[in-house]
1. Filter the stretch 1-33 for residues that are within 22 Å of Ala124 (Cα to Cα) and surrounded by fewer than 14 Cβ atoms within 10 Å (Cβ to Cβ) and give the result.
2. Which of the strands (runs of 3 or more DSSP E) found entirely inside the stretch 20-128 contain at least 3 residues meeting this: touching a residue at least 12 places away in the same chain (Cβ under 8 Å) and either touching a Pro at 6+ places or on another chain (Cβ under 6 Å) or of a type in the set (Val, Ile, Thr) (or both)?
3. Of all the residues that make up the stretch 156-175, how many are under 18 Å from Val130 (Cβ atoms), in contact with a Leu (Cβ under 6 Å, 6 or more places away or on another chain) and part of a strand (DSSP E or B)?
4. Go through the stretch 141-155 and give me each residue that's surrounded by 11 or more Cβ atoms within 10 Å (Cβ to Cβ) and assigned to a loop (DSSP other than H, G, I, E, B).
5. Which of the residues that make up the stretch 18-42 are farther than 12 Å from Glu69 by Cα and not basic (Lys, Arg)?
6. Based on this model, can you work out whether Ile67 counts as at pLDDT below 95, surrounded by 13 or more Cβ atoms within 10 Å (Cβ to Cβ) and under 27 Å from Leu132 (Cα atoms)?
7. Across the stretch 102-124, what is the number of residues that are surrounded by fewer than 16 Cβ atoms within 10 Å (Cβ to Cβ) and closer than 19 Å to His86 by Cα?
8. Could you tell me which residue of the stretch 70-101 is farthest from Glu22 (Cα to Cα), considering only residues that are surrounded by fewer than 21 Cβ atoms within 10 Å (Cβ to Cβ) and of a type in the set (Gly, Ala, Ser)?
Amino acid sequence: MQNLLQDYIPQEAIPQVLKLIEHDNLTVKVKNERKTRHGDYKQLPNGKHQITINSNLNKYRFLITLIHEIAHFEAYNTYGKFIKPHGLEWKLTFQHLMLPFLNPNIFSNELLPLLANHFKNPKASSDTDVNLALALKQFDAPNNKTYIFEVPVGSIFKLYNGKIFKKGSKRIKRYECIEVKTGKLYLFNPNAEVELLN
């Protein structure tokens, strides 16, 4: 497992992560990119537990996602299977598990204050924390994607699935966008990644 992880997370985090995943009935698998999630956790029919993480994540996002999914496993074991997936029990577990990793030997100094703020009340996805998502993006491999909040109003953009939209105005937190083909209105989180077409 150490050989697998050394390609995906900061070196200094490996010993702590190995302690967290040394369960006989827990496996961690690295998967090809999935557009709708960074990782997931599930109990398998045979009673074992499995965590999957996308291979294309930068080392910081990979580590956060891995601890997020380990927190599901630990919360399930501690509180039972009837808790809410991202409820109070999971939040407390995630905070507890993540705390030892929040140090400058593991995360860059520019990320630490954003992470400290995020973990006061962690959300189901770190992507909903716009400031943290933007800071984490700078460690990604270069791509031609732009965050929706950076796209000028009235511009045309494309999603990963090929659908084309025109950006409208901002509501309270999300942006109204019209699908060009159907005229349907959709709401986008500010840090949704899109490909600008004009």
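The values are calculated or read from the model by the stated rules, or taken from the named source; none is laboratory data. No experiment lies behind these values; they were computed from the predicted model shown. In this analysis, Cβ positions are derived from the backbone assuming ideal geometry, glycine residues included, and neighbour counts consider all displayed protein chains.
1. Lys29, Lys31, Asn32, Glu33 - these are the residues of the stretch 1-33 that are within 22 Å of Ala124 (Cα to Cα) and surrounded by fewer than 14 Cβ atoms within 10 Å (Cβ to Cβ).
2. Output list reads 26-31, 49-54.
3. 1
4. Selection gives Lys145, Val151, Val153, Ser155.
5. Leu18, Glu22, His23, Asp24, Asn25, Val30, Asn32, Glu33, Thr36
6. It is false that Ile67 is at pLDDT below 95, surrounded by 13 or more Cβ atoms within 10 Å (Cβ to Cβ) and under 27 Å from Leu132 (Cα atoms).
7. 6
8. Gly87
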